[in-house]
Every structure is written in C-alpha cells, then in structure tokens.
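The values are calculated or read from the model by the stated rules, or taken from the named source; none is laboratory data. Predicted, not measured: the structure shown is a model, and the values here were computed from it. Quick reminder, even Gly has a Cβ in these numbers, built from the backbone with ideal geometry, and neighbours come from all protein chains shown. We work out accessible area using only protein heavy atoms, side chains counted, and drop any ligands, DNA or RNA first. Shrake-Rupley method; radii C 1.70, N 1.55, O 1.52, S 1.80 Å.
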Amino acid sequence: PWCRGLIRIPNSAPRLAMKTKPPPKWVPTYPMTEWAIANGYSVFSRAAGWATYDGIMAAWLERNGYAVAYLTQHDLHMCPTALDGHKVVLTCGHDEYWSRPARLSIDRFVDAGARFVRFGGNIIWQVRISDDGKTQTCYKYSADKKDPLASDPTQNTNAFEAASVKWPPALTFGVNGCEGVYSRFGGFSPRGLGGFTVYRNEHWAFEGADLYYGDTLGEDIPLVGFEGDGLAYTFRHGLPYPTGDDGAPADKITILALTPICREEEDHGHLPIGVTLFNGPGDWEILAEVVHGNKDKETLAKTRYGSCVIVHMEKGKGEVFCAGTTEWPFALEQGDWYVNKITHNVLRRFLGKEASGRKRKIDQVSSRLGS
C-alpha cells in the first residue's frame, strides 16, 4: 500500500540525509521522522516512493527533452520482454528489493547489447512474487530460518549477497548493497563528506564537467547521504580498484568516484537517559551474519565500514553506469551543475546521440516493488 507522503509530499519536508554537519557533542536527531509524526505522514515517506525519488527524476527527464516510457519492476517481473526494442533502461532512488525475474529481465536486456543506467542505492534483498503478482514475500534477515523455500537459492528471500542466495547485485548493477550502506543520517557518519571523491576524472562520463582528481562531487546536496552501494576495493597508485572479494566482476568494473560510508550508527555518549539511536549496531551485526554467517569479533571488524561508488561496467554486449546513491535525483532537482552534466553525458552516450533538439527515448523503471 502507498502511505501518505509516497505519492505527494511538501517540498518543505526534511530529507533523511542531513544537509549540514552537526556541531561537537551533538545529540543524534532524526528531523524527517519527527516531521512525519507531527504532520501525519508516513515515517518512511522520505525513504521511498514517487514523491521523493522517481517523480523528480521523471520531471527532470521530461524537462530536458527525453521521451520517457514508464514501467515498474512489477512489469519487468511479469513480462520478460517488456524492454525488447529499446536501447536504455533507467532505475533510480531507493530500489532495495528486486525479484529474480525482474533482475533477469535487466540482465538479458544488457547482455544482448543494451544499456542500463542506475541512479539509485541500497540494492540488497531478493523478493518473491506470487498469486499472479498480488503477493510479495521477503523474509529478509530471518529468511534462512523461516522462509519455507530457503533451500532454493532462486526463491530464498534473503540478501542477494547471502551465502544461501549467492547472486551478488554487482553482476547486474555493478555495485553491492551490503558493501554500503549509510551516511549523513543520524549517527551514521553524520559529518561524512556528503559527496563523491572523484578519482578518474578523465572518464567519458565526466567529459566537459571540469572535474579534477580529488574533487568532491555533490557535497552541498549532500549527494552521498542516507543509503548507498559500494564494492570491496583497494587502492593502487592513488586509484581505487574492485578486488572481487564480494563477488563483483572486478575485471569488468571501473570505479570512477568513491567515498567511505558505514554500517554502524555510533553512540558517542551524548544521548539523554532513556533515548536510543535509530539503529545503533543493529544493521551492522545483521548484515555481517547474513553475508558471512556469523557476527563474531573478526567478522564485525571487517564489515563495519563500507563505500559509496560511481562505476562503469562492461556487461555482455552492453554497458552499465551506476551512481550508487539514493540522492542522485534530488541533486538533479536542486540544479547541481556537475550532476546534471554527468547525467546528460551518460544518457546521450548510451542513447547513441549527442546533444540536439531531438527527443531522446529512454525507459524509466519505478524503483519500488515495496518496502
């Protein structure tokens, strides 16, 4: 069901990513949650939905002369040929849940020579659609123990990166959700950079954007905020490279920009008695157990921190461009010059056209199957 705030929401509603960095000895707060409760909106209305993500992406595309055909992840699930005859498909926002058939629709499309653009973050869970599309199932953290179909990796509604599923999102999207996740949200890296550090500024995606090595992209938005996707990576001679330790196809992926984010909401001891953090170490411990099978000290140490990345990936006969953050559409709406330039670069290249007065045709997929 669509709760209040998922279709329409006042522009004055706070976003989940904090725009300003808090002062010393700050007590973590959650302005959007407080606003939603005070005004009768869903507390998740800034974490999902048309109003916060897809709608502003659609408005930008139409305003800039792209002829857009709309479909949903449900369409990709129910109709494997939905993308036939098209060149580019775009998803955006907070697309955390995907069914296997929907992902396979993207895979077939790109492997055959098409292009996939993703301006979104937090791809983690495999869901199951049944009853002629009327029911969506996802056991999430408890899938291995409670999902009656857990023994079948194609049906188990656990994380794609879990050992029981073993189908890393990076094989489709170029990034992994469990290598994310949070920044500039509550006690999750509240003074984080807020933008991507640019490393490969000479890549075609950055052409004409006047970006230098080491520049920060989108920090005033913040472009890296709330949730994002990353990769296992290492540095060589000042440049980041995927290691493939997370199941990503390292030889096919180029990391263009990267910034650190985290999975633990830190408690610095400033909370009043009786007040708790939104999440604390909860997701950190859960994701460690989901992906690695335990949450012992060694496993927690290697899963505490993550990254948010922009990548270009070769896939079959096609290509993928992914800016793994939920906040890309908002940066476009806010008129960030660099983000606008990069978006045009990617779409025009993938459509096979340079800037012109003609309409450029693109398909946008609604980013939500549901929470």
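Which count do you get for residues in the stretch 306-326 that are in a loop (DSSP other than H, G, I, E, B) and surrounded by fewer than 23 Cβ atoms within 10 Å (Cβ to Cβ)? Counting residues in the stretch 306-326 that are in a loop (DSSP other than H, G, I, E, B) and surrounded by fewer than 23 Cβ atoms within 10 Å (Cβ to Cβ) gives 2.
A search for C-beta distances below 6 Å between a residue of the stretch 170-182 that is touching a residue at least 40 places away in the same chain (Cβ under 8 Å) and any residue that is basic (K, R), counting only pairs 6+ apart in sequence or on different chains, returns T172/R103; F173/R118; V181/R263.
With respect to the conditions (1) surrounded by 24 or more Cβ atoms within 10 Å (Cβ to Cβ); (2) under 21 Å from G244 (Cα atoms), H94 lacks only one, and its number is (2).
Within the option set A162, A150, A209, A143, being under 19 Å from T254 (Cβ atoms) and not basic (K, R) holds for one residue only, A209.
Against the conditions (1) modelled with pLDDT of 95 or more; (2) open to solvent by less than 50 Å² (accessible area, probe 1.4 Å); (3) part of a loop (DSSP other than H, G, I, E, B); (4) not charged (D, E, K, R), P24 satisfies every one except (2).
Taking the listed residues I221, I261, the one that is touching a residue at least 60 places away in the same chain (Cβ under 8 Å), among the hydrophobic types (A, V, I, L, M, F, W, C) and open to solvent by 10 Å² or more (accessible area, probe 1.4 Å) is I221, with no other qualifying. Screening the stretch 327-339 for residues that are open to solvent by 30 Å² or more (accessible area, probe 1.4 Å) and either touching a residue at least 60 places away in the same chain (Cβ under 8 Å) or not hydrophobic (A, V, I, L, M, F, W, C) (or both) and picking the one that is farthest from T216 (Cα to Cα) gives E333.
Of the residues making up the stretch 257-291, those that are in contact with a Cys (Cβ under 9 Å, 6 or more places away or on another chain) and of a type outside the set (A, V, I, L, M, F, W, C) are T259, P260, R263. A Cβ distance below 9 Å, combined with a sequence gap of six or more or placement on separate chains, defines the contacts here; from the stretch 7-24, residues that are among the polar types (S, T, N, Q) reach residues that are surrounded by 12 or more Cβ atoms within 10 Å (Cβ to Cβ) in the pairs S12/W35. Is one or more of the residues making up the stretch 283-293 in a loop (DSSP other than H, G, I, E, B) and in contact (Cβ under 8 Å) with a residue 12 or more places away in the chain? Yes; the residues of the stretch 283-293 include at least one that is in a loop (DSSP other than H, G, I, E, B) and in contact (Cβ under 8 Å) with a residue 12 or more places away in the chain. Scanning the stretch 203-222 turns up no residue that is in contact with a Cys (Cβ under 9 Å, 6 or more places away or on another chain) and either among the aromatic types (F, W, Y) or within 15 Å of T325 (Cα to Cα) (or both).
How many residues does the stretch 340-355 hold that are among the polar types (S, T, N, Q) and either open to solvent by 10 Å² or more (accessible area, probe 1.4 Å) or farther than 22 Å from A17 by Cβ (or both)? The total comes to 2. Only helices (runs of 4 or more DSSP H) wholly contained in the stretch 99-186 count here; list those with 1 or more residues that are more than 22 Å from L347 (Cα to Cα) and modelled with pLDDT of 95 or more. Here the list reads 100-111, 143-146. Within the stretch 43-73, if we keep just the residues that are assigned to a strand (DSSP E or B) and open to solvent by 10 Å² or more (accessible area, probe 1.4 Å), the residue that is modelled with the lowest pLDDT turns out to be A67. Counting residues in the stretch 237-254 that are open to solvent by 50 Å² or more (accessible area, probe 1.4 Å), in a helix (DSSP H, G or I) and closer than 18 Å to V320 by Cβ gives one or more.
Suppose we filter the stretch 317-371 for residues that are modelled with pLDDT of 95 or more and charged (D, E, K, R); how many remain?
So the count comes out to 8.
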